[in-house]
Structures are given as C-alpha cells and as structure tokens.
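Worksheet for the structure shown next.
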Amino acid sequence: MDSTSGCGAVYFPILLCQKALGHWDIWLGQGSAEDLHKFLQIASWLTANQDAEGGWDTWNLASQCQDSQYRYSAMTQGQALSVMARAHLLTRNDSFERASRSAMKLMCKPVQDGGVCWYEDGDVFLEEFPGASRETVLNGWIFALFGVYDYVLQFSDDNARSFHGDTSASLARRLDEYDAGFWSYYNSGAKRLASPFYHRLHLSQLAALNQVLQEASLKLTLEAWTRYERNRFYKSRAVLVKGIQKLIEPGPVPIIASSR
C-alpha cells in the first residue's frame, strides 16, 4: 500500500492481517488452495517482520515517517495473533508459536512502557491508538480482544487466559461509556460519534463477542444499539452530528491502498 506522505510503498500490518483472515475464511468455505497459500504467505511475513519487542510498527507508517513513542497498536497485535494462531493450528510450525507468545507479551505491556495496554482503576483497556492519555477506540479494543481469545484457544498460557478475562470484564463494565443514547460512540474520551459504518461494525462485533462471553450487558447493549440502527430519526441525527464533527475536527489524510 502507499501512504500520501512521500514515503513510498509500505506494508501496513493491520491491512495485511485483515487480508490474511479474509483468505482464511475463503479457504474454509471453498477449499481454495490459492487462498490457503496466500494466508500462509502473510502469516510467514508476520513472523519474519516482527521486531525484538514482539510487535509490528504500525503508526510510524501512518505518520509521515516520523519516529513515534507510540508505534504499536493493540489492533495490530490482536489481528496478528488471530492470523498466527490459525497458522499454527494448521501447520504446527514452532515459529508461529514463538511469534505469538512474543506478540502476547507486548499486548500485556502498559502503554507507558511502550506497549498497547492501559491499566486504570482495575480495568484493562486495549489501545488501538496508544498515547499520553487513554483514548480507547471501541472497535479496535474488540478486534484486539478477539486476537487474545484466539491465542488462549491455541496455546497454553494461564497469564494470557487471566488477561483475557480481565479485559473482557472491563469491556462489559465500560460499554455504557460508548452509548450516546441514540447511537454508539467511536471512542471514549473525545466521545466522537461512530459513523454508520462503524456503528454497524460495533453491532457485528458485539454479536460475535456475545457468543463467546454470554455476558448480559453485552446482549442488552447489542439490543439497544440495534434499535438505534433501525430508527430512521436516530440514524439521521447520527449522520448529521457526525458530519458536524468532521467539519469541526477534520481527521488526518487517509492512507490509500494500492494495487501493487
């Protein structure tokens, strides 16, 4: 993919992980040897390009090639864990287990120490965009949580299993912070309303998460947010408010995927 910063072609790890998981799903559904090959090719790239800390530099690639103290992302770590756990399940190659354990170690590391996890008042947050203050993006937290779940299913690790329980419980307790009363919020502190795309993504994520956790608060939130989605007035209001937010606080220049 290309950035617009003049840095040339870069391999953005979040998109690569999503591509790998897409190939995995197609292989499961259709038995396509080509998709299986592409999945394993990306999984192998992840192990070859993991750094000594157990992570993949994510935000340096998206910030005009400037060095950043907060270069990792819980979303990258989680989706990479989802890829490598599947690759290990399929191949039993030890390199995928070693890379997964290293990635899990970084996932648990506090943001203040260069990691992607924020520990606050007994809760455990997984930060898609680590920074000097907590600004937890809901969809990134859930994607990261899925990766931790895939890891504990595949590998024996009591600490990771406990970590998964802690951050799952935190998510269930903190979900109300993402409820605007008529729509969902994209993130916590700044309370930016989710776009219609991200609101629908929240619904899909919560539905999948509820199948795993069977948590009453998840089910209630899913039901409420589904009602928001079906209410034309609420949806129109959300689109209007989101549009105003974008005018007042325009986001960064997006990274554009390239066909190369």
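We did not get these values from a lab; they are worked out from the coordinates using the rules stated. Since this is a predicted model, take the numbers as computed values, not measurements. All Cβ positions, glycine included, derive from the backbone under ideal geometry; neighbour counts span all protein chains shown.
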* Structure fact -> Farthest towards the positive end of the dipole of the stretch 89-215, among TYR186, PHE163, ASN93 and with Cβ unit charges of +1 on Lys and Arg and -1 on Asp and Glu, lies the Cα of ASN93
* Structure fact -> Given unit charges at Cβ for Lys, Arg (+) and Asp, Glu (-), the dipole magnitude of the chain about its Cα centre in debye, nearest 20, is 880 debye
* Asked: What shape does the stretch 167-219 take by its C-alpha gyration tensor, where a ≥ b ≥ c are the square roots of the eigenvalues and a/c under 1.5 counts as rounded, a/b above b/c as prolate, and the rest as oblate?
  -> oblate
* Structure fact -> Stretched fully, the stretch from LYS19 through GLU34 gains (0.36 nm per residue minus C-alpha distance, one decimal, in nm) 4.1 nm
* May I ask you to list the lysines whose Cα is less than 25 Å away from that of LYS19, ignoring any residue fewer than eight positions away on the same chain? => LYS38, LYS105
* Asked: What FRET efficiency, computed as 1/(1 + (r/R0)^6) with R0 = 25 Å and r the Cβ-Cβ distance, is obtained for ILE26 and ASP176, rounded to the nearest 0.05?
  -> 0.10
* **Full-stretch length increase - LEU247, GLN112 - with 0.36 nm per residue and alpha-carbon distance subtracted** => 45.4 nm
* Net charge dipole size for the stretch 112-172 [Lys, Arg +1 and Asp, Glu -1 on Cβ; Debye, nearest 20] -> 140 debye
* Cα-derived Rg to Rh of the stretch 128-227, Kirkwood definition -> 0.97
* Global size of the stretch 13-248 as Cα Rg and Dmax, reported in angstrom -> 18.0, 53
* Asked: Just how large is the dipole of the stretch 141-260 about the Cα centre, in debye to the nearest 20, putting +1 at every Lys and Arg Cβ and -1 at every Asp and Glu Cβ?
  -> 760 debye
* Which one of TYR119, TYR234, GLN214 is farthest out on the positive end of the charge dipole of the chain, using unit charges on Cβ (Lys, Arg +1; Asp, Glu -1) and the Cα centre as origin? -> TYR234
* Structure fact -> Note: GLU120 to ARG227 extended length (0.36 nm per residue) minus current alpha-carbon separation gives 35.4 nm
